[in-house]
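**Q** I'd like to ask some things about the structure below.
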Amino acid sequence: MVKSRTGHRKAVQHCQFTSDGQTLLSSSDDSTIQVWNWQSDESVLLKGHTESVKNFRLLEHSKLLSWSFDGTVKLWNTVTGEMERNLICHEDAILSCAVSHDATRFSTTSADKTAKIWSFESWSVLHKLSGHEGCVRCCAFSLHNGLLATGDDNGEIRIWDVARGEQLHLCSRTPIDDGESAHGGWVTDLGFSPDSKMLVSSGGYIKWWDVATGQPLQTFYTNGTNLKFLHVSPDFRVCVTVDNLGILYVLRIMEYGV
């Protein structure tokens with residue numbers, strides 16, 4: 001063990017190093033974020049959320065975007081600890097947030113069954129995306145920022161046009177006479193291929209989708225369930241996830257891009 005620190009009063013939900021490896025950031029169920037220089041042992045406390053902070057996103061110029069079960073998104077200066085923006089985004093808990101690859105927009109999803117697309121320039125909502133019938137648990141922008149995918153607790157995935165805020169496809173629709181979700185439960189994570197032609201999703205298992213049609217291409221069934229996150233390589237050929245049994249899966253797409 002190189003270093004250890006006790007700073008949060010409740011469970012830590014997410015932690016991440018800055019790109020230079022000098023600073024470790026963590027968010028917690030105690031509603032705070034800690035910015036810790038692990039070499040000097042100096043720290044900055046980002047305090048302003050009123051409920052659990054499940055995750056955050058590091059931005060350029062020492063900025064950090066956080067979202068919380070309190071329904072707000074906040075922008076912080078990680079050097080000074082100052083809160084620079086405070087947006088009341090949803091009527092219920094925010095479950096995920098994604099930043100477009102050109103850093104001009106971000107999206108939020110919520111337990112209020114909606115998703116929203118926001119402008120970083122004006123800090124205002126551009127589109128409210130309605131149609132999900134369950135909590136909207138995850139979202140992802142395509143590489144060229146034209147598409148947004150959202151997934152919900154009913155196992156449905158919707159693909160949206162970012163510029164117009166219009167739904168293009170509904171994936172994973174459950175037949176009326178079938179009580180089981182087409183995704184084996186919640187959709188927990190999403191990722192587009194670099195050319196935006198394919199989408200991969202996790203939930204009860206892993207599925208690959210044709211973005212142009214919204215139709216499934218392939219399904220990989222794991223030994224366990226409750227896949228929480230997907231880590232996809234930049235070329236989309238390798239996907240890594242872990243199930244509720246603690247089994248780590250490293251999957252390689254052999255035919256992609258052929």
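The values are calculated or read from the model by the stated rules, or taken from the named source; none is laboratory data. This one's a predicted model, so the numbers in the text were calculated from it and none came from an experiment. Cβ atoms come from the backbone with ideal geometry, glycine included; neighbour counts cover every protein chain shown. Areas reflect the complete protein model, heavy atoms only, side chains present, ligands, DNA and RNA absent. Shrake-Rupley method; radii C 1.70, N 1.55, O 1.52, S 1.80 Å.
**Q** Return the sequence-ordered ³J(HN,Hα) values of the stretch 52-68 in whole Hz as given by the Karplus equation 6.51 cos²θ - 1.76 cosθ + 1.60 applied to θ = phi - 60°, using x for Gly and Pro.
**A** 3, 9, 7, 7, 7, 9, 7, 10, 6, 6, 6, 9, 9, 10, 10, 9, 8
**Q** Using the beta-carbon distance between residue 254 and residue 104 and R0 = 45 Å, what value does 1/(1 + (r/R0)^6) give for FRET efficiency, to the nearest 0.05? Spell out each step's value before the answer.
**A** On the way: r = 35 Å, r/R0 = 0.78.
My answer for the efficiency is 0.80.
**Q** Note the count of lysine pairs whose C-alpha atoms are less than 15 angstrom apart in the chain, limited to pairs 8 or more residues apart or on different chains.
**A** The result is 11.
**Q** Another one. Using a 1.4 Å probe over the heavy atoms of the protein chains, calculate the carbon and sulfur portion of the accessible area of the stretch 1-81 as a whole percent.
**A** That fraction is 48 percent.
**Q** Which FRET efficiency value, to the nearest 0.05, do you get for residue 133 and residue 19 by plugging their Cβ-Cβ distance into 1/(1 + (r/R0)^6) with R0 = 30 Å?
**A** In this case the efficiency is close to 0.15.
**Q** Could you give each residue of the stretch 84-100 its phi-based ³J(HN,Hα) in whole Hz, using Karplus coefficients 6.51, -1.76, 1.60 with θ = phi - 60°, and x for Gly or Pro?
**A** Each residue of the stretch 84-100 in turn: 9, 9, 9, 10, 8, 9, 9, 7, 9, 4, 7, 9, 7, 8, 9, 10, 5 Hz.
**Q** If I take every Cα pair under 8 Å that is 6 or more residues apart in the chain, average their sequence separation and divide by the length, what percent do I get for the relative contact order?
**A** 8 percent
**Q** Now, a different point. With +1 on the Cβ of every Lys and Arg and -1 on the Cβ of every Asp and Glu, and nothing else charged, how large is the dipole of the stretch 49-173 about its Cα centre, in debye rounded to the nearest 20?
**A** Roughly 180 debye, rounded to the nearest 20.
**Q** Here's a follow-up. State the percentage of accessible surface on the stretch 212-258 attributable to carbon and sulfur atoms; use a 1.4 Å probe and exclude ligands, DNA and RNA.
**A** 60 percent
**Q** Sticking with this structure for a sec: What nm value, rounded to one decimal, do you get for the distance between residue 83 and residue 119 when each label is placed 7 Å out toward the C-beta?
**A** Each label point is offset 7 Å from its Cα along the Cβ direction, giving 2.4 nm.
**Q** Given labels modelled 7 Å from the Cα in the Cβ direction, how far is it in nm from residue 231 to residue 41?
**A** Label-label distance for residue 231 and residue 41, simple model: 3.0 nm.
**Q** Rounding to the nearest 20 debye, state how big the charge dipole of the chain is about its Cα centre with +1 on each Lys and Arg Cβ and -1 on each Asp and Glu Cβ.
**A** On the way: 23 positive and 30 negative charges, 82 e Å.
So the magnitude is around 400 debye.
**Q** Right, something else. Kindly report the accessible area of the chain per residue (heavy atoms of protein chains, probe 1.4 Å, no ligands, DNA or RNA), in Å².
**A** Numbers: 12930 Å² over 258 residues.
Computed with neighbouring chains in place, this is 50 Å² per residue.
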